[in-house]
Amino acid sequence: MSPPAPVVKDSSMLKQKEMISGNYRRLETAAADGRKVVSTFVPGNLNELIMCFDVLNNLPEINAIQNGLRKKTGGYIMEAEKRGQSEDVCTYVKADLGMIAKGNIGPDGQKLPDPDLLLLSYTGCFTFMKWFELLRDHYGCETAMLHVPYQGDGRITANMIAYVVRQLREEVIPKLERLSGVKFDIDRLRENLARSARAEDDFVWVLETAKLRPSPIDAYFGGVYYIGPIFTAFRGTADAEDYYRLLRAEIAERIAAGQGPVTPAGDMPAERYRLVVEGPPNWTSFRDFWKMFYEDGAVVVASTYTKVGGLYDQGFRHDPAHPLESLAEYCLGCYTNRNLPARIDLIEQYMNDYQADGLLINSIKSCNSFSAGQLLVLREIERRTGKPAAFVESDLVDPRYFSPANIKNRLESYFQMIEQRRAGAAPARAA
Amino acid sequence: MTMRSVAEIIAECQALYDDLDFTAARAWKAEVPGRIVVGYMPFYVPRELIHAAGGLPLGVLGGGDQLEVIQGDAYYQSYICRIPRSTIELGVTGRLDFLDAMLFPSICDVIRNLSGMWKIMFPKTSARYFDVPQNYRDDVGGVFYINELGELREILARLAGAPVTDAALRGAILLYNENRALVREVYAFRAREPWKAPSAEVYLLMRAGMVLPVARHSALMREYLAAAAAADRPRRDNSRVVINGAFCEQPPLNLIKSIELSGCYIVDDDFMLVNRWERADVATEGDPLAALAAAYLHGSVDTAAKYEPDRAHKGAWLIEQVRRSRAEGVIFATPSFCDPALLERPMLQRALAAHGIPCIAFKYAENSGQMQPIREQAGTFADSIKLWSAA
């Protein structure tokens, strides 16, 4: 049997890998280096603010994803269930609790430090709140809570912004100051936010290249790499700025060469289907899942998952002129903090702007924030656009809920449906 | 007027519980032109505001085990709890078509997203996600909440066609203070003499409060307290338990009956927190919105949907329930796929263990039909409590 072909990686991917590894190394040596550690979440994260206090940023969601990609989460989830967690609840939470129970060995094989502060900025997902209560129950460390109201009416109100800003001033910043011994410097925050905004410009440029035919990127499977720095511990850093500059240059080259997206198997030869995808990916079989798309020439031209950490393509930028208000607006504006009508409007916009052939929903068993209401999303998008939509089910990091045969079967049927629509076959409901 | 028997009072409550067309609320609305009815889902909304707007707050607590859910299932995957699908079913079958507005409290992601679905599916009904603060400082969460209450007050005024005055709001607070005091009295009575107030009866009595005007419900509770106290009922050697985790999707009535039949007296629960949310009277002086906000921030019960800022306080309310009601154990009865309750449970279990309070756990759905496993589990729990206490 011949060895598997090497996975193709661009320079930007290698840079990001080094950035992530570097952060894990800093976390592993935090105690020795005398650095304090803050655990926090991706949607609504306050990285620019955290950086003002010279503390390190640990992201349990990212640990769960990295462990999922390395196929470690199945055992962690079972460990958490053995210790009393229900089979019904979020598998990110269980993967994290299971990892802690088994010694808190991080994705790269080194022990992660105990957090000095749990910075609970929960945006668009109730489970975050319980997750950090569970972590606090384990670590007994201090918790700073930033409650971000939900956009129930699809808009951000002045009351919401004022509430978040007040919490930043009265709750979050004082706790970070006490923890770090560093006085808050708003000018330092402004500098970080300015770097963020520059990186966000390049990031949006990259996302919008998917409007081209062929698309030079895959905005879901490739997109999860592109969001890495800006959604996590690097937004506001010079490294993130460099990363997006590098990525932009790479994509520009691909456009000039008329190339499609890069995949683990190399350049995608031909673009046959352009899809919008709603919902997070499955991480434990990420490559297998992706392969089911690129083997059939399916490119994801826009995705909602790549907006959970901010809707930059809708015009939002971190604004150094209004630092705390800008952070508040960022937290309030993340994708799953928008109400369902606003989410549907966004998907419809993507379907039109990116000339998609259809919508695919990857419904995640343990993520109600995304999943509850997705069947209405599907109906509405079909009704509004006349394009076919399809539904597959999997999970975030629980390998028990990834059924490759079922998913492949559904995808193949879906691609046939798109072909039929193209051939002019009337939709069944209109017949 | 002759005093009604317990059976007669409970028959009225049962009829209200069984009526998934909400006939009583429809009749109330039809009596006076311009009246509004505002639906709300579990677990908390400030009902005083609706009352002050001349409206009837109507608890929409799912379809129970009598509603056949056909269309509602088409909107949800198999791994989502039951209450949103039966609520959709109530909506698409026209049973809620008389509502002027529907409120979706800040309880979990499923109910949150349902608020947006309602906007799309029932555009003629004003639908609002009702956010509450998870920061309990007056100058932070309190300010936010007073403004949110103000927004709701404006919406209700528009629906009612008249301003919601401070005087009307203070009057409503008085009525609800009285109602909550009676709820507490019923719970205290049951905890004292549970054989005289079986939980299925207490449950139906509280459910009646979800669909009746507040004064009518208060009168009903008074009537029940008098009739139940006068009734001669056999005292059984049951174990005393608190039910926890059922604050949103409601258990079928048969489940409550089964727990008692298996040898447990339910002496406290969290079935309908909305009617006992504020643990003491809401102030009737000063700004009524500020009074409601203060009651929420500083005097409301604990539940999984609320953030607990103090780690040491986690589970304290449940332990207080156990102590106050002299319970001997806790049954975690949780709806399947209920994220808040299921994630909360291990923390509460640890708190109970630290106080030497035994517990068991099982899951249900609002339409669960098979009660034998529940009866066996609860019965075994009751027996084990008796064995331990005899040791």
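The values are calculated or read from the model by the stated rules, or taken from the named source; none is laboratory data. Being a predicted model, the structure only gives us computed values, none of them experimental. Don't worry about glycine lacking a Cβ; one is built from the backbone with ideal geometry, like all the others, and counts go over all protein chains shown. Surface areas here come from the heavy atoms of the whole protein model, side chains and all, with no ligands, DNA or RNA. Shrake-Rupley method; radii C 1.70, N 1.55, O 1.52, S 1.80 Å.
Overview of values
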quantity: Scan of the stretch A:47-67 for residues that are under 14 Å from the mean Cα position of the chain (by Cα) and part of a helix (DSSP H, G or I), ordered by number; calculated: A:60, A:61, A:62, A:63, A:64, A:65, A:66
quantity: Extreme residue, nearest to the chain's Cα centre (by Cα), among residues of the stretch A:154-173 that are surrounded by fewer than 15 Cβ atoms within 10 Å (Cβ to Cβ) and within 12 Å of residue B:140 (Cα to Cα); calculated: A:169
quantity: Flag if residue A:87 is within 14 Å of chain B (Cβ to nearest Cβ), open to solvent by 30 Å² or more (accessible area, probe 1.4 Å) and assigned to a helix (DSSP H, G or I); calculated: no
quantity: Top-ranked residue in the stretch A:110-127 [being more than 10 Å from chain B (Cβ to nearest Cβ) and not in a strand (DSSP E or B); ranked as farthest from residue A:33 (Cα to Cα)]; calculated: A:123
quantity: Per-region count, the stretch B:319-336, residues open to solvent by 10 Å² or more (accessible area, probe 1.4 Å) and either under 17 Å from the mean Cα position of the chain (by Cα) or within 19 Å of residue B:259 (Cα to Cα) (or both); calculated: 4
quantity: Cβ pairs under 9 Å, 6+ apart, first in the stretch B:304-319 and within 10 Å of another protein chain (Cβ to nearest Cβ) and assigned to a helix (DSSP H, G or I), second among the charged types (D, E, K, R) and open to solvent by 20 Å² or more (accessible area, probe 1.4 Å); calculated: B:311/A:137
quantity: Single residue of the stretch B:144-161 satisfying the filter (aliphatic (A, V, I, L, M) and open to solvent by 50 Å² or more (accessible area, probe 1.4 Å)) that is farthest from the other protein chains (Cβ to nearest Cβ); calculated: B:159
quantity: Qualifying residue in the stretch A:91-109 (condition: more than 8 Å from chain B (Cβ to nearest Cβ), open to solvent by 10 Å² or more (accessible area, probe 1.4 Å) and modelled with pLDDT under 95); calculated: yes
quantity: Set A:146, A:176: member being within 21 Å of the chain's Cα centre (by Cα), more than 7 Å from every other protein chain (Cβ to nearest Cβ) and of a type in the set (A, V, I, L, M, F, W, C); calculated: A:146
quantity: Residue in the stretch A:177-185 that is touching a strand residue (DSSP E or B) at 6+ places or on another chain (Cβ under 9 Å) and part of a strand (DSSP E or B) present; calculated: no
quantity: Check on residue B:365, crowded, with 17+ Cβ neighbours inside 10 Å, under 25 Å from residue B:84 (Cβ atoms) and within 12 Å of chain A (Cβ to nearest Cβ); calculated: yes
quantity: Per-region count, the stretch B:33-64, residues buried (at least 24 other Cβ atoms within 10 Å of the Cβ) and among the charged types (D, E, K, R); calculated: 2
quantity: Options B:316, B:354; residue that is open to solvent by 10 Å² or more (accessible area, probe 1.4 Å), over 23 Å from the mean Cα position of the chain (by Cα), over 27 Å from residue B:82 (Cα atoms) and modelled with pLDDT of 95 or more; calculated: B:354
quantity: Residue in the stretch B:276-303 that is farthest from residue B:167 (Cα to Cα), counting only those that are in a helix (DSSP H, G or I) and touching a Leu at 6+ places or on another chain (Cβ under 8 Å); calculated: B:293
quantity: Selection count where residues are away from chain B (no Cβ under 12 Å), part of a loop (DSSP other than H, G, I, E, B) and under 18 Å from the mean Cα position of the chain (by Cα), scope the stretch A:343-379; calculated: 0
quantity: Residue list for the stretch A:137-151, restricted to those being touching a strand residue (DSSP E or B) at 6+ places or on another chain (Cβ under 9 Å) and surrounded by fewer than 21 Cβ atoms within 10 Å (Cβ to Cβ); calculated: A:139, A:141, A:142
quantity: Residue list for the stretch A:258-294, filter: charged (D, E, K, R) and modelled with pLDDT under 95; calculated: A:267
quantity: Answer residue from the stretch A:247-273, given it is in contact with a helix residue (DSSP H, G or I) (Cβ under 9 Å, 6 or more places away or on another chain), open to solvent by 60 Å² or more (accessible area, probe 1.4 Å) and in a helix (DSSP H, G or I) and is farthest from residue A:190 (Cα to Cα) among those; calculated: A:255
quantity: Residues of the stretch B:85-129 classified as open to solvent by 10 Å² or more (accessible area, probe 1.4 Å), hydrophobic (A, V, I, L, M, F, W, C) and at the interface with chain A (Cβ under 7 Å from one of its Cβ atoms), total; calculated: 2
quantity: Failed item in (1) among the aliphatic types (A, V, I, L, M); (2) open to solvent by less than 40 Å² (accessible area, probe 1.4 Å); (3) more than 14 Å from every other protein chain (Cβ to nearest Cβ), with residue A:186 passing the rest; calculated: (2)
quantity: Search result, residues across the stretch B:371-391 that are of a type in the set (A, V, I, L, M) and without any contact (Cβ under 8 Å) to a residue 60 or more places away in the chain; calculated: B:387, B:390, B:391
quantity: So residue A:325, is it touching a residue at least 40 places away in the same chain (Cβ under 8 Å), assigned to a helix (DSSP H, G or I) and touching a His at 6+ places or on another chain (Cβ under 9 Å); calculated: no
quantity: Residues of the stretch A:10-27 satisfying the condition of being without any contact (Cβ under 8 Å) to a residue 12 or more places away in the chain and open to solvent by less than 20 Å² (accessible area, probe 1.4 Å); calculated: A:22
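Every residue, every condition in (1) at negative phi; (2) touching a Lys or Arg at 6+ places or on another chain (Cβ under 7 Å), yes or no:
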site: A:13; (1), (2): yes, no
site: A:54; (1), (2): no, no
site: A:65; (1), (2): yes, no
site: A:81; (1), (2): yes, yes
site: A:88; (1), (2): yes, no
site: A:106; (1), (2): yes, no
site: A:112; (1), (2): yes, no
site: A:118; (1), (2): yes, yes
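A quick yes/no check of all residues on (1) among the small types (Gly, Ala, Ser); (2) within 25 Å of residue A:163 (Cα to Cα):
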position: B:30; (1), (2): yes, no
position: B:46; (1), (2): no, yes
position: B:65; (1), (2): no, no
position: B:86; (1), (2): yes, no
position: B:101; (1), (2): yes, no
position: B:104; (1), (2): no, yes
